[in-house]
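Taking it in order: structure first as structure tokens, then the write-up.
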Amino acid sequence: MSHIVNVVVAGLGGQGAIKASDILADAACRAGHDVKKAEIHGMSQRGGSVTSDVRYGKKVLSPMVPHGEADFLVVLSPDQVEVQRPVLRPHGILIGPDFVDENELPNKRSLNVALLGALSHHLDIPEAIWMEAVHAALPKRLHEVNDRAFRMGREKAAATPRHHR
């Protein structure tokens, strides 16, 4: 792959945006890509905005996704959707917090992993590698619930038209 994949994960402090970007970066690395990651922690301890850029491909020089060039924007908080939308490139894919019904999740705190599942449908990283990265990032007691959340997001994305904007 010579193309660089640009992903921005955004949310509020405590929602798991950084954890989600850690899992994405780990999965891309395990799949053999060069990976760069950058985080902006606003007032994350108090529920402020948090964004994390993940870029991967054959060779990545900068960790920051240039404004308007994100291929994918994963947003965990409804109030961050319009704030973050300008980072998307034309025809980029927004995976917002309403993509997965939190009430159907095995645990509402797994929304970040469910949205990663949706993202995974669009990326050329095998599902088994994603599961390795999820398991490496979370304690064993949380594996089953997050496996279910990941698969729920992935299956919904497979059944949904490509353009989530």
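Taken together, the values in this text are just the output of simple stated rules run on the coordinates, not laboratory data. Since the model is a prediction, treat every value here as computed from it, not as a measurement. Cβ placement follows ideal geometry from the backbone for every residue including glycine, while neighbour counts extend to all protein chains displayed.
Numerical summary
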| quantity | calculated |
| --- | --- |
| Under 16 Å from the Cα of residue 37 - lysines, other chains or at least 8 residues apart | 19, 58, 59 |
| The range 5-158 - Rg (one decimal) and Dmax (whole number), Cα, Å | 14.0, 40 |
| Overall form of the range 10-100 per C-alpha gyration tensor (a/c, 1.5; a/b vs b/c) | prolate |
| Per-residue Cβ neighbour rank within 10 angstrom, fewest leading, 154, 148 | 148, 154 |
| Helix-only [θ]222 nm of the chain, DSSP H runs n ≥ 4, -39500 (n - 2.57) each, per residue, nearest 500 | -10000 deg cm²/dmol |
| Residue 34/residue 108 FRET efficiency (R0 30 Å; Cβ-Cβ; nearest 0.05) | 0.30 |
| Trypsin sites (Lys or Arg not before Pro) within the range 45-78: DSSP coil, no more than 15 neighbouring Cβ in 10 Å | 58, 59 |
| Per-residue Cβ neighbour rank within 10 angstrom, fewest leading, 131, 64 | 64, 131 |
| Length-normalised contact order for the range 5-158 - Cα pairs under 8 Å, 6+ apart - percent | 24 percent |
| Sorted by Cβ density within 10 Å, fewest first, the residues 123, 88 | 123, 88 |
